[in-house]
Amino acid sequence: MIRRSFILPGALISLTVFGLLLLGFWQLDRADEKRGIENAIVLAQSSPAQLVEADDIHTKEHYRVLLNGYFDTNKQFIYDNQIVKGNAGYYVLTPFVLNTDTAILVNRGFVPWYGKRGELADIKIDRRPSTIEVGLIKPKQRIELQPQEIETTFPILIQSLDLDQLSQLSNYQIIPMLAQLDVKASNGFFRQWKPFYGSVDKHLGYALQWFLMALVLSIIAIRLLIKNSRN
């Protein structure tokens, strides 16, 4: 017979096990969600690049596309504080003008500082109209520990991608998407774009942890119950 003194601890243990199981199944749901995102991205990136207009760019995240326009070599941004292959450096972001007042920032690749922060690489580029192939991603704005004082002389050194601010500085309406220049293009710098990972394995790992904790707690509860019944 179960002692009354065990009822309250038993109920608390049962609720805890139930909560751990809910967390485990929630992580499994998250893994399924991320798996669906990964599959959609793989499908998008495997599609052949097609020409898109400015108005359609915002619907093409993770796609490889072709853009018609020209680079504005006079209004470039130096995106500082980047680390690639253990080297500190910067990305060169160049507006690619799609029509009279609309542009998209093209990441032309990484340039290491090599300890010479006062010396920029030659980032000039031809302004002639061209068709470029790029991959599209949504830019992520980094958290700034303190407000950055930005000079208005191009090329401008920036620490984060505040597109509203960059639009004001460049006098372009910058599309809220970042274009990564194709690695085969000749008018860029070091490019080794990382593929998207939806962290499916991470969620599966978390789910396993919650289920194991529920199992261990259940075993402890059963042993306590057996011991309590015998006394």
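The values are calculated or read from the model by the stated rules, or taken from the named source; none is laboratory data. Note that the structure is predicted; figures quoted are calculated from it, not measured. Neighbour counts run over all protein chains shown; Cβ positions are idealised from the backbone, glycine included.
Structure values in brief
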quantity	calculated
Residue count for the stretch 183-224, restricted to those that are touching a residue at least 60 places away in the same chain (Cβ under 8 Å), of a type in the set (Ser, Thr, Tyr) and under 29 Å from Gly109 (Cβ atoms)	2
All positions within the stretch 178-188 that are of a type outside the set (D, E, K, R) and modelled with pLDDT under 95	Val183, Ala185, Ser186, Asn187, Gly188
The stretch 133-153: number of residues that are of a type outside the set (Val, Ile, Thr), touching a Leu at 6+ places or on another chain (Cβ under 8 Å), at pLDDT below 95 and surrounded by fewer than 18 Cβ atoms within 10 Å (Cβ to Cβ)	5
Total residues in the stretch 158-177, condition under 19 Å from the mean Cα position of the chain (by Cα) and either hydroxyl-bearing (Ser, Thr, Tyr) or not assigned by TED's automatic domain parsing to the domain that holds Phe110 (or both)	1
One residue from Ala49, Ala31 being of a type in the set (A, V, I, L, M), within 24 Å of Pro139 (Cβ to Cβ) and surrounded by 13 or more Cβ atoms within 10 Å (Cβ to Cβ)	Ala49
Residue match in the stretch 129-145 (condition: of a type in the set (A, V, I, L, M, F, W, C) and assigned to a loop (DSSP other than H, G, I, E, B))	yes
Of all residues making up the stretch 56-70, the number that are of a type in the set (Asp, Glu) and farther than 14 Å from Gln45 by Cα	1
Selection within the stretch 154-169 - assigned to a helix (DSSP H, G or I) and either in contact with a strand residue (DSSP E or B) (Cβ under 9 Å, 6 or more places away or on another chain) or exposed (fewer than 12 other Cβ atoms within 10 Å of the Cβ) (or both)	Leu163, Asp164, Gln165, Leu166, Ser167, Leu169
